[in-house]
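Each value in this text was obtained by applying a stated rule to the coordinates, not by laboratory testing. Because the structure is predicted, anything quoted here is derived from the model rather than measured. Cβ: placed from backbone, ideal geometry, glycine included. Neighbour counts: every protein chain shown.
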Amino acid sequence: MALINGKEYSQLTILKMTSQLRTLMTIIRDQNTKRNDFIFYADRINRLLIEEGLNLLPTRDKTITTRTGEVYHGSEFNGKICAVPIIRAGLSMENCIREVAKKIRIAHILIQRDEETAKPIFYKSWLPDDIQERYVFILDPMLATGGSANATINTLKNNNVDEDKIIFINLVSVPEGIEAVLGTYPAIRMITAEVDRGLNENAFILPGLGDFGDIYFGTD
């Protein structure tokens, strides 16, 4: 549970700000950080976020026999996963989830923000036929107004994905975006590494880190 602007959100998880995470966040926010270092340390944070997301998936009991012949009462994941990176910045998180989740399906939704209005423009989606049977990880590193996230969630719901099977993972968020998303879709779950102060008059995150996609993909 997290407290945002005096309101509690039980469906929001903010990573514990350890000394390691604070250091990683400092590196990727620093305007002097070179692109290769930005990618390396952003990937480390994304791995932490995705591992936290996997903790939200259901498991079932499973009993196995170890190599010593002993019985071990453990568990196994119960359910299939689909990751949906929001193009373009969300693509930066795709490899991280492939590294920890075998047999995962990767879908894509193309939504771009109109830089004049800050409103999302939906272009196209590529979703597996069984998307409604899967737990869906929406991947997008920056949550500003929440417009792109809400458009993505709406697309998933129109394809019969239940809200409570949607997990939205992002790296940096702001209260405005959190309230916009969780206020509209209260049954989804959200994980973020850090909540920033807010948005400026151009709907850019402050203190933020700049355009994540441009830095990560070298188009800044």
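For region 86-163, the equivalent ellipsoid derived from the alpha-carbon gyration tensor has semi-axes of 21, 16, 10 Å in decreasing order. For region 18-145, the alpha carbon positions stretch 63, 40, 22 Å along the principal axes, listed from largest to smallest.
Rounded to the nearest 5, what % of the DSSP beta bridges within the chain are antiparallel ones? Write down the numbers at each step before the final one.
Numbers: 18 of 43 bridges.
Of those bridges, close to 40 percent are antiparallel.
How tilted is helix 19-29 with respect to the longest principal axis of the chain? Cα atoms for both, answer in degrees (0 to 90, nearest 10). Value to nearest ten degrees: 40. Centre-to-centre, using Cα atoms only, region 66-116 and region 166-181 are separated by 18 Å. Relative to the longest principal axis of the Cα atoms of the chain, the long axis of helix 175-184 lies at roughly 60 degrees. In whole percents, the pair-distance distribution calculated for region 1-52 from its alpha-carbon pairs, binned every 5 Å from zero, is 4, 18, 22, 19, 16, 12, 6, 2. Pair-distance distribution P(r) for the chain, from all Cα-Cα distances in 10 Å bins starting at 0: 8, 33, 36, 16, 5, 1, 0 percent. Sorting the Cα pairs of region 23-79 by distance into bins of 10 Å, from 0 upward, gives 20, 27, 20, 19, 13, 2 percent per bin. Within the listed set Thr152, Thr65, Thr184, the Gaussian network model of the chain (springs between alpha-carbon atoms below 10 Å) gives the highest mean-square fluctuation for Thr65. Considering only trypsin sites (Lys or Arg not before Pro) in DSSP loops that have at most 14 other Cβ atoms within 10 Å, the longest stretch of the chain without any of them is 104-196. Stokes-Einstein, applied to the Kirkwood radius of region 106-208 over Cα pairs at a viscosity of 1.567 mPa s and 4 °C, places its translational diffusion at 93 µm² s⁻¹. Sort region 135-182 into rounded, prolate or oblate with this rule: let a ≥ b ≥ c be the square roots of the eigenvalues of the Cα gyration tensor; rounded if a/c is under 1.5, and if a/c is not under 1.5, prolate when a/b is larger than b/c, oblate otherwise. Prolate, since a/c reaches 1.5 and a/b exceeds b/c. Calculate how steeply helix 35-54 sits against the longest principal axis of the alpha-carbon atoms of the chain, using the helix alpha-carbon long axis, and give the answer as 0 to 90 degrees to the nearest 10. Computed tilt is about 50 degrees.
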